[in-house]
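S.K.: This is the structure I want to talk about, given as structure tokens.
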Amino acid sequence: MASEWKPLRLGSVCSKIGSGATPRGGGDVYLDAGPYALIRSQNVYNDGFHREGLAYIGEDHAAQLANVEVSVNDVLLNITGDSVARACQVDPGVLPARVNQHVAIIRPDPDVLDPRFLRYFLVSPEMQSKLLSWAGSGGTRNALTKGMIESFDVPAPEDIDEQRAIAHILGTLDDKIELNRRMSETLEAMARALFKSWFVDFDPVRAKAEGRDPGLPDAIADLFPNALTEHPDLGQIPEGWDPSPLSDCTDVARGLSYKGSGLSDDGVPMHNLNSIYEGGGYKFEGLKRYSGAYRPQHVARAGDLIVANTEQGHHRLLIGYAAIVPTCFEDDSLFSHHIYRVRVRSDSALTADYLCHLLNTPVMHDTVSGYANGTTVNMLPMDGLQSPLVVVPPSRAVAAFTNVAERARRRRERMVEESRTLAALRDALLPELISGDLRLDDPERILGRAG
């Protein structure tokens, strides 16, 4: 399949290169949902399109930006600010859409330059370095101009099918990473929904109390009573389920107060504030490594619960949320002073998975994070994880949920590990395939890179 490569000048092979504008009225006209998406720089990343923070506009403001309508397969490039040079293709699911002035649309002739090949060329390490250099060569603000983009020479195979084949190899890896991400989100959503139904809304109890079928196998339905009782502090709770302060169920420890000089690339893994997502869940990308001294009480084990105890500001987006240390940390790992390690006591019916889901529910998070205080930095005292009163179900009911939640969590962890491996393979193949150093007619070398 291998064909000759030649430089393609973007200005000559594109039907559209241009950025948009902020609608008149600015952020005041943005909608939480609407007929048109407005794509901004925070939606454009080298690893793909991110929907978080996506704005929407109405018909009138979309008409004002009709000249920057986004089409399927368009390549998006950030052209100003700290995110300059980030590139991706539009997510078709957000169309119809427009872009603002910080994002450029690049629409190549698909019979000459494959859009997905172009996207991978733009995010290749060599091109990212060039883009950042060009963007910083002007005034005080990083910027890429339309003239700069039009002048880009893209080395590409003359045979469009070869371009598509290269893009397909890289895209297949990205597609699997994206599929893993979506499956992981689905598994997490299912576990959260099950917890809410069983232990927040008490749906099986209410159904049995009203003489309805709870829709569960008999062995599971039998774990729930058929009546609710009124508690002075907690409202209606299942009959026979005893309230208890969290201090009776858990042991809480503060992590290692470390110095930056102890951080290193080859130290002991250390979970920290950036290891927990807003809303809860473990964040692999936030892991640090520490080579300094520490004590046994600063060690975390796989399966331990960690809770954020610090946050800049008072929005409570992170503080009080929980995650479980993944099973891949079989050897010792550490946890920093910005998080608490919470272990369920051996005589408690609760489990780490149960407690993690409990702490991440809106009601319990409001309760726990309500203990936080501080001026610039919000701090969660240990009381926040010891004083709240919680309903403790029978151990068999907790075990039934834990069986589902733990299996889902471990499956998500495996998908994360698989995606990290796939991303490393993609990153190794990308610069060589996109530059022509690794050709499609040399399958042994490609398989060698995969190995």
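S.K.: Any idea what the relative contact order of region 306-413 is, in percent, if you count C-alpha pairs under 8 Å spaced at least 6 apart? Walk me through the numbers on the way to the answer.
M.R.: Details: 124 pairs, mean separation 35.3, N = 108.
Relative contact order comes out at 33 percent.
S.K.: So between SER435 and GLU4, what do we pick up on full extension, going 0.36 nm a residue minus the alpha carbon distance?
M.R.: Working: separation 431, 0.36 × 431 = 155.16 nm, distance 1.21 nm.
Extra length from SER435 to GLU4 when fully extended: 153.9 nm.
S.K.: Could you work out [θ]222 nm for the chain from helices alone, using -39500 (n - 2.57) per DSSP H run of at least four and dividing by all its residues? Round to the nearest 500 deg cm²/dmol.
M.R.: On the way: 12 runs with 147 residues, N = 451.
Dividing the helical sum by the residues of the chain leaves -10000 deg cm²/dmol.
S.K.: Restricting to lysines 8 or more places apart or on different chains, can you count the pairs in the chain with Cα atoms under 20 Å from each other? Could the numbers behind the result be given before it?
M.R.: Numbers: LYS6/LYS130; LYS16/LYS146; LYS130/LYS146; LYS176/LYS283; LYS196/LYS208; LYS259/LYS288.
Pairs that pass both the separation and distance tests number 6.
S.K.: GLY18's amide H: which non-local residues (gap 5+, or another chain) put their own amide H closer than 5 Å, with H modeled 1.01 Å from N in plane and none for Pro or chain starts?
M.R.: ILE105
S.K.: Select from region 122-204 those trypsin sites (Lys or Arg not before Pro) which occupy a DSSP coil region and have at most 11 other Cβ atoms within 10 Å, ordered by residue number.
M.R.: Passing both the DSSP loop test and the Cβ count: ARG141.
S.K.: Mind listing the long-range amide H neighbours of VAL390? Cut-off is under 5 Å, sequence gap 5 or more, other chains count too, H placed in the peptide plane at 1.01 Å from N.
M.R.: Result for VAL390 returns SER244, LEU246.
S.K.: Could I ask something else about it? For ASP213 paired with ASN403, estimate the spin-label separation in nm (one decimal), with each label point 7 Å from Cα along the Cα-to-Cβ line.
M.R.: 2.1
S.K.: Ok, one more. Run the quick spin-label model on GLU230 and GLN297: label points 7 Å from Cα toward the beta carbon, then report their separation in nm to one decimal.
M.R.: 4.5
S.K.: Based on the Cβ-Cβ distance from ASP222 to SER387, what FRET efficiency comes out when R0 is 30 Å, to the nearest 0.05? Mind dumping the intermediate values first?
M.R.: Details: r = 33 Å, r/R0 = 1.11.
The calculated FRET efficiency here is 0.35.
S.K.: Here is a further query. Averaged across orientations, what area in nm² does the convex hull of the alpha carbons in region 235-315 project?
M.R.: On the way: hull surface 33.2 nm².
Orientation-averaged projected area of the Cα hull: 8.3 nm².
S.K.: Taking amide hydrogens as modeled 1.01 Å from N in the peptide plane, which residues meet the under 5 Å criterion relative to SER333, leaving out close sequence neighbours?
M.R.: Under 5 Å from the amide H of SER333 lie the amide H atoms of ALA300, each far enough along the sequence or on another chain.
S.K.: Let me ask something additional. Quick one: pull the percentage of alpha-carbon pairs in the chain with a separation above 44 Å.
M.R.: Values: 27483 of 101475 pairs.
Percent of Cα pairs beyond 44 Å in the chain: 27.
S.K.: Work out the FRET efficiency for ASN67 and GLU418 from their Cβ-Cβ distance, taking R0 = 51 Å, and round it to the nearest 0.05.
M.R.: Working: r = 42 Å, r/R0 = 0.83.
With R0 = 51 Å, the Cβ-Cβ based efficiency is 0.75.
S.K.: Roughly how many Å² is the accessible area per residue of region 223-310, as a whole number, for a 1.4 Å probe? Kindly include the intermediate steps, with their values, before the conclusion.
M.R.: Working: 4340 Å² over 88 residues.
Result: 49 Å² per residue.
S.K.: Which one, SER419, LEU334, THR402, projects farthest toward the positive side of the charge dipole computed for region 315-451 from Cβ point charges (K/R +1, D/E -1)?
M.R.: Working it through, the farthest residue towards the positive pole turns out to be THR402.
S.K.: Using packing as a proxy for protection, rank 205-217, 84-96, 147-159 so that the peptide with the highest average count of other Cβ atoms within 10 Å comes first.
M.R.: On the way: 205-217: 14.2, 84-96: 18.2, 147-159: 16.2.
Descending mean neighbour count gives 84-96, 147-159, 205-217.
S.K.: Taking the Cα centre of the chain as origin, work out the dipole magnitude from +1 charges on Lys and Arg Cβ and -1 charges on Asp and Glu Cβ, in debye rounded to 20. All intermediate terms of the calculation are to be shown ahead of the outcome.
M.R.: Details: 46 positive and 61 negative charges, 166 e Å.
The dipole magnitude comes to about 800 debye.
S.K.: Hey, if you put +1 on the Cβ of every Lys and Arg and -1 on every Asp and Glu Cβ in the chain, which of PRO96, ALA191, GLY384 ends up farthest toward the positive end of that dipole?
M.R.: The listed residue farthest towards the positive side: GLY384.
S.K.: Ranked from highest to lowest mean number of other Cβ atoms within 10 Å per residue, what is the order of the peptides 102-115, 398-411? Let's see the in-between values first.
M.R.: On the way: 102-115: 20.3, 398-411: 17.8.
So the peptides 102-115, 398-411, ranked by packing, come out 102-115, 398-411.
S.K.: Then there is this: State, in angstrom, two size descriptors of region 134-243 derived from its alpha carbons: Rg to one decimal place and Dmax to the nearest whole number.
M.R.: 28.9, 76
S.K.: Still on this structure: Putting +1 on Lys and Arg Cβ atoms and -1 on Asp and Glu Cβ atoms, find which of LEU440, GLY370, ASN309 reaches farthest to the positive end of the dipole of region 309-451.
M.R.: The listed residue farthest towards the positive side: GLY370.
S.K.: Another one. So, in nm, how far is label SER395 from label SER133 when the simple model puts each one 7 Å beyond its Cα toward the Cβ?
M.R.: 6.6
S.K.: Let me ask something else. With +1 on the Cβ of every Lys and Arg and -1 on the Cβ of every Asp and Glu, and nothing else charged, how large is the dipole of region 108-161 about its Cα centre, in debye rounded to the nearest 20? Don't skip to the end; give the middle numbers.
M.R.: On the way: 5 positive and 9 negative charges, 121 e Å.
Dipole magnitude for region 108-161 comes out near 580 debye.
S.K.: Ok, one more. For a quick protection proxy, order the peptides 120-128, 13-21, 263-271 by their average other-Cβ count within 10 Å, most packed first. Spell out each step's value before the answer.
M.R.: Numbers: 120-128: 19.4, 13-21: 17.3, 263-271: 15.8.
The densest-packed peptide leads the list: 120-128, 13-21, 263-271.
S.K.: Based on the Cβ-Cβ distance of ASP111 and THR361, what FRET efficiency does E = 1/(1 + (r/R0)^6) give at R0 = 60 Å, to the nearest 0.05?
M.R.: FRET efficiency, ASP111 to THR361: 0.70.
S.K.: Using a simple charge model, +1 on the beta-carbon of Lys and Arg, -1 on the beta-carbon of Asp and Glu, nothing else, what dipole does region 341-443 show about its Cα centre, in debye to the nearest 20? Mind showing how you got there, number by number?
M.R.: On the way: 13 positive and 13 negative charges, 114 e Å.
Result for region 341-443 is approximately 540 debye, rounded to the nearest 20.
S.K.: Just report the Cα centroid separation between region 386-406 and region 219-235, whole Å.
M.R.: Result: 13 Å between the Cα centres.
The values are calculated or read from the model by the stated rules, or taken from the named source; none is laboratory data. Computed from a predicted structure; not experimentally measured. Please note: Cβ atoms are built from the backbone with ideal geometry, for glycine as well, and neighbour counts cover all protein chains shown. Accessible surface areas use protein heavy atoms only, side chains included; no ligands, DNA or RNA. Shrake-Rupley method; radii C 1.70, N 1.55, O 1.52, S 1.80 Å.
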